[in-house]
1. Kindly list, by first and then second residue, each pair from a residue in the stretch 70-84 that is within 18 Å of D54 (Cα to Cα) to a residue that is outside any loop (DSSP other than H, G, I, E, B) and polar (S, T, N, Q), limited to pairs with Cβ atoms under 8 Å and residues at least 6 apart or on different chains.
2. Taking the stretch 40-69 as the region of interest, how many residues are within 15 Å of E93 (Cα to Cα) and in contact (Cβ under 8 Å) with a residue 24 or more places away in the chain?
3. Which one is farthest from the chain's Cα centre (by Cα), of the residues in the stretch 46-96 that are acidic (D, E) and either closer than 22 Å to C33 by Cα or at pLDDT 95 or above (or both)?
4. Return the residues of the stretch 85-100 that are touching a strand residue (DSSP E or B) at 6+ places or on another chain (Cβ under 6 Å) and of a type in the set (D, E, K, R); say none if nothing qualifies.
5. Would you check if I41 is out of contact with any Leu (no Cβ under 7 Å at 6 or more places or on another chain), surrounded by 14 or more Cβ atoms within 10 Å (Cβ to Cβ) and among the β-branched types (V, I, T)?
6. Quickly run through the stretch 35-59 and pick out the residues that are of a type in the set (A, V, I, L, M, F, W, C) and within 13 Å of E85 (Cα to Cα).
Amino acid sequence: MSNFLKNFKQFFSTPASPSTGNFLKLKIKCKRCSEEINLNIRKTSDFSRVYEEDNPPSGAVFFLRKEILGNKCNNMIYVTAYFDESFNLISKEIEGGQFL
């Protein structure tokens, strides 16, 4: 495999043990099949900026919207979470699953 392809693959893949500086970890459980799913969320690309017209919670600077599909069933899990400037969690909602 060429160096370009190795670098390209590495850029889009999640490391096996992400450093806490660049990632946030969430653990969720599917309501249908009880599968536990670990999410590694990149601070550099998975978050969006909050704008006033989004009607965010007080102090929210970033938000995350994720659609998660586990390996055991076809139940979609929807996560919405708001974070402050330091990526501290302000509020979270989940549909189709639960936070662990």
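The values are calculated or read from the model by the stated rules, or taken from the named source; none is laboratory data. Bear in mind that the values here come from a model prediction, so they are computed numbers and not experimental data. Note that each Cβ is placed from the backbone with ideal geometry, even for glycine, and that neighbours are counted across all protein chains shown.
1. Final answer for the pair search is A81/S91; Y82/S91.
2. Within the stretch 40-69, residues that are within 15 Å of E93 (Cα to Cα) and in contact (Cβ under 8 Å) with a residue 24 or more places away in the chain number 6.
3. Per the criteria, the residue is E95.
4. Within the stretch 85-100, K92, E93, E95 meet the criteria.
5. Criteria not met by I41.
6. F47, V50 - these are the residues of the stretch 35-59 that are of a type in the set (A, V, I, L, M, F, W, C) and within 13 Å of E85 (Cα to Cα).
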